[in-house]
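See structure below.
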Amino acid sequence: MPPKTDSPSPAKKRRTETRLVHRGIDFFFKKQLQRTNAPKLEDNGVGGNGLFGRGEEDELRRRQQEEQDERLARQLQDIEDHNEAPDAESANGMAAEDAMPERNEATGTPNASAAAAKPPREDKIQFNNLELSSANSTCTLEDIYAIPLDKEPLQFNPVTDASTASTWSAGRTPYAFLTHAFILINSTRSRLKIVDCLVNTLRVVTHHDPTSLLPLVWLTTNAIAPPFEGIELNLGGAVISKALKNVSGLTQGTLKGLYAKWGDIGDVAFEAKMAVRTLVAPQPLTVRGVYSTLREIARAKGTGSAETKRKLVERLLISAKGEEVRYIGRTLVQHVTSQFTSPSAFLAVS
């Protein structure tokens, strides 16, 4: 048996040799100070999957609303300035002509009796900034939606049943007329009724405005050019999302919620613009105008093309009214309706 020694065991030695650690008050508040001094990451509103990202801060939304109000105010001022110039010039010309009395051919002196007998002129001022002719101003949405496009083609007469189309100027077929056809097509699943509706639509345009026939056919086939031309919209979801955000004033989070609810960009655009009120009533969309804008979007390439496309999309959404907004949104993603395909449109054309 080995003799006992006075040396302590290793465990006891470690306990006895451990030094006391003195911690100050900074040690206990160190983590709290680190959290306070750490830089905060700003939410830039970009992120998430799908068509729309996360919601933005209230400050960004307020700034965007101010920019939109300022842009609309500028448009109103430009239109007023444009109207004042022709109005003042026309008024001055008429006043000078009325104030000038007729002269006697023999003496060269003003003929007072002729000036007194001259009847007063009626004021006729033309507004040069309006693209729509005066004839189109008499056509309302109620008149367009009253056209019975769902009639049997043998019983449908484009002259009598679509008499309101006689007020349309050449190349000024309203886009609301095509929207009316899309609404009737989406309300049925019968292929025969869909073709009949397309046939009546094409007959009305062929009779009253043949120049708008080709653009209308392209808009009904979810395309803007034949395949061999290689012209595509190439419009991404980010461009449509930014345009909708600027037009409606809604945040990315709200738009994302609407998209999750409806799952259709046309329904999202319709609900987003439902409460939007503009200072100046936009000019009505026409079939040729919408088709030309889509061609401009397809031609935009290179640096700054995304911004150009966004502005063109915003112009379409601002000018659209009611159900037009829904089908403009679907046209931008080339999915106007799932009730018919290109062969149905070609059959109607034939």
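Conditions (1) at pLDDT below 90; (2) over 30 Å from ARG299 (Cβ atoms); (3) in contact with a helix residue (DSSP H, G or I) (Cβ under 9 Å, 6 or more places away or on another chain), marked per residue:
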{"site": "ARG191", "(1), (2), (3)": "yes, yes, yes"}
{"site": "THR206", "(1), (2), (3)": "no, no, yes"}
{"site": "ASP209", "(1), (2), (3)": "no, no, yes"}
{"site": "PRO227", "(1), (2), (3)": "yes, no, no"}
{"site": "ILE231", "(1), (2), (3)": "yes, no, yes"}
{"site": "ALA243", "(1), (2), (3)": "no, no, yes"}
{"site": "THR251", "(1), (2), (3)": "yes, yes, yes"}
Please work out which one of (1) part of a loop (DSSP other than H, G, I, E, B); (2) within 19 Å of the chain's Cα centre (by Cα); (3) among the charged types (D, E, K, R) is the condition ARG189 fails and give its number. (2)
Of the residues in region 144-186 that are among the charged types (D, E, K, R) and either more than 25 Å from the chain's Cα centre (by Cα) or surrounded by fewer than 16 Cβ atoms within 10 Å (Cβ to Cβ) (or both), the one that is nearest to ARG326 (Cα to Cα) is ASP150
Would you be able to tell me the number of residues in region 293-322 that are modelled with pLDDT of 90 or more, farther than 13 Å from LEU235 by Cβ and of a type in the set (Val, Ile, Thr)? 1
Would you check if there is a residue in region 227-242 being outside any loop (DSSP other than H, G, I, E, B), within 26 Å of GLU66 (Cα to Cα), of a type in the set (D, E, K, R) and within 13 Å of the chain's Cα centre (by Cα)? yes
Filter result (over 22 Å from VAL195 (Cβ atoms) and either among the hydrophobic types (A, V, I, L, M, F, W, C) or within 15 Å of the chain's Cα centre (by Cα) (or both)) within region 208-226: ILE224, ALA225
Tell me the residue from ALA298, ALA275 that is assigned to a loop (DSSP other than H, G, I, E, B) and more than 11 Å from the chain's Cα centre (by Cα), please. ALA275
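The values are calculated or read from the model by the stated rules, or taken from the named source; none is laboratory data. A quick note: this is a predicted structure, and the numbers were derived from the prediction, not measured. Glycine also receives a Cβ, built like all others from the backbone with ideal geometry; neighbour counts cover every protein chain displayed.
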